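Let me begin by presenting the structure, written as structure tokens, before commenting on it.
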Amino acid sequence: MTPDRLRAALRGVPDPRWLDAALRRVATEPAAIARLFPAAARRCGRGPLPDPPGWTVDEAARALLLTALPVDHVATTAETLYRHGDAAEKRAVLRALPLLPIGAACVPLLHDAIRTNDTRLVAAALGPYARHLEQAAWRQAVLKCVFTGVPLAVVDDLDGRADGELAAMLAALAAERHAAGRAMPADATDLLDRLGAGSDLTTAREA
């Protein structure tokens, strides 16, 4: 995902002049984002974007506002907007993180999102910026997706990062669910198969 792609997707917003002016304003007056960020949904819309898939109009507009900030304001502003925002604003910040020149500075926001019971925040936290999560925290986040029904398709680089320890955690959860007469989500079972743990699970079921 790039800012240019988001900008192209937002060409048809109801008030494009407002968005253009807001981006220019934020670039020269960073503090203005505190007012413009919440207003983006009302001025630009809230519906889904056909491309890029999975984004809404307000998320894309808010992400662009963050990318327009001067570099030395980005990390602190992203954290402030997340901490004080509603659920939609928090999701927009999380979606924007991979686009921002912040390194690992905003990893605490991922930890906060993953701790919540809002599955949409959990899903947004596991995009490309989750590469900055330590492996142990990342495994726990994947496990939470399985627990809460978040599709594993939202987890960026899932197959690249999944390891034997995650396989063991998922296999243990699968055994617990089997003993309780409950099924694992299909995508979690598929992941176990890809990790080579599916045969062990089948053996446990037949025992």
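The values are calculated or read from the model by the stated rules, or taken from the named source; none is laboratory data. Computed from a predicted structure; not experimentally measured. Neighbour counts are summed over all protein chains in view; Cβ atoms, including those assigned to glycine, are modelled from backbone coordinates with ideal geometry. These accessible areas exclude ligands, DNA and RNA; they are computed on the full protein's heavy atoms, side chains included. Shrake-Rupley method; radii C 1.70, N 1.55, O 1.52, S 1.80 Å.
Could you tell me which residue of segment 176-207 is modelled with the highest pLDDT, considering only residues that are closer than 17 Å to Val155 by Cα and assigned to a loop (DSSP other than H, G, I, E, B)? Restricting to residues being closer than 17 Å to Val155 by Cα and assigned to a loop (DSSP other than H, G, I, E, B), the top hit is Pro185. Residues that are farther than 18 Å from Pro3 by Cα and open to solvent by 20 Å² or more (accessible area, probe 1.4 Å) do not occur anywhere in segment 48-70. Residues that are among the charged types (D, E, K, R) and in a loop (DSSP other than H, G, I, E, B) within segment 49-93 comprise Asp51, Asp86, listed in sequence order. Looking at segment 131-147, which of its residues are over 19 Å from Pro108 (Cβ atoms) and open to solvent by 60 Å² or more (accessible area, probe 1.4 Å)? Correct list: Phe147 only. Looking at (1) of a type in the set (Asp, Glu); (2) out of contact with any helix residue (DSSP H, G or I) (no Cβ under 7 Å at 6 or more places or on another chain); (3) surrounded by 16 or more Cβ atoms within 10 Å (Cβ to Cβ), can you tell me which one Glu89 breaks? Of the numbered conditions (1) of a type in the set (Asp, Glu); (2) out of contact with any helix residue (DSSP H, G or I) (no Cβ under 7 Å at 6 or more places or on another chain); (3) surrounded by 16 or more Cβ atoms within 10 Å (Cβ to Cβ), the odd one out for Glu89 is (2).
Just one of the listed residues (Leu152, Leu109) is open to solvent by less than 60 Å² (accessible area, probe 1.4 Å) and within 26 Å of Gly45 (Cα to Cα), and it is Leu109. Output the residues belonging to segment 24-43 that are of a type in the set (D, E, K, R) and either over 20 Å from Arg95 (Cβ atoms) or outside any helix (DSSP H, G or I) (or both). Of everything in segment 24-43, those that are of a type in the set (D, E, K, R) and either over 20 Å from Arg95 (Cβ atoms) or outside any helix (DSSP H, G or I) (or both) turn out to be Arg24, Arg25, Glu29, Arg35. Kindly evaluate Ala21 against the criterion of being open to solvent by 30 Å² or more (accessible area, probe 1.4 Å) and either charged (D, E, K, R) or in a helix (DSSP H, G or I) (or both). Spelling it out, Ala21 is indeed open to solvent by 30 Å² or more (accessible area, probe 1.4 Å) and either charged (D, E, K, R) or in a helix (DSSP H, G or I) (or both). The single residue among Ala96, Ala123, Ala104 that is touching a residue at least 12 places away in the same chain (Cβ under 8 Å), part of a helix (DSSP H, G or I), open to solvent by 20 Å² or more (accessible area, probe 1.4 Å) and among the small types (Gly, Ala, Ser) turns out to be Ala123.
For segment 9-18, the candidate set comprises residues that are open to solvent by less than 70 Å² (accessible area, probe 1.4 Å) and over 22 Å from Tyr129 (Cβ atoms); within that set, the residue that is nearest to the chain's Cα centre (by Cα) is Val13.
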